[in-house]
Amino acid sequence: MILFFICAIIAFLIGYGFIKAHQNRLEKAVVYTATIIGYEEKMCKRGMMFYKAVRPSVKYDNGKREVIAEHHEFIRAIDYHYSNGDTVQIRAYPELPKIFYFAEQDEHMSYEAIVCFVVSGFMVVVGILSEIIFG
């Protein structure tokens, strides 16, 4: 059981590390004015439901050169409200100028962090059950 708790703590710390890295990236990001130049489409499946998702591309000037960047993740097409040529505010990390976030976008947790938290919770449950069953 101790092994499961140690693994759960490690998974939790990894998830916390992902959250801090994501927050640091957003804090160091610079706001730019960009122009939507297109998007990539793909079909996604969640459970038994299919939906269309898009990954927008923008063009912006970071002060040194003109950059073409892609959004950091695919967005459900139903939640995407921009057209080619629209001007938007973005946040881009100077060290990764080809990835951007919309400036008005909520700073939600990364999926990697959520997975680590779920795994750590699962390991705690398995540890408790194994102690009850084999204890």
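For the reader, a short list of remarks on this structure follows.
- Those residues of the range 59-79 which are surrounded by fewer than 11 Cβ atoms within 10 Å (Cβ to Cβ) and over 18 Å from the mean Cα position of the chain (by Cα), in sequence order: Gly63, Lys64, Arg65, Glu66, Ile78
- Within the range 57-107, the set of residues being small (Gly, Ala, Ser) and touching a residue at least 40 places away in the same chain (Cβ under 8 Å) comprises Ser83, Gly85, Ala92, Ala103.
- Given (1) modelled with pLDDT of 90 or more; (2) open to solvent by 90 Å² or more (accessible area, probe 1.4 Å), index of the condition Pro56 fails: (2)
The values are calculated or read from the model by the stated rules, or taken from the named source; none is laboratory data. Since this is a predicted model, take the numbers as computed values, not measurements. FYI the Cβ positions are ideal-geometry reconstructions off the backbone, even for glycines, and counts take in every protein chain you see. What goes into the accessible areas is simple: the full protein's heavy atoms, side chains included, and nothing from ligands, DNA or RNA. Shrake-Rupley method; radii C 1.70, N 1.55, O 1.52, S 1.80 Å.
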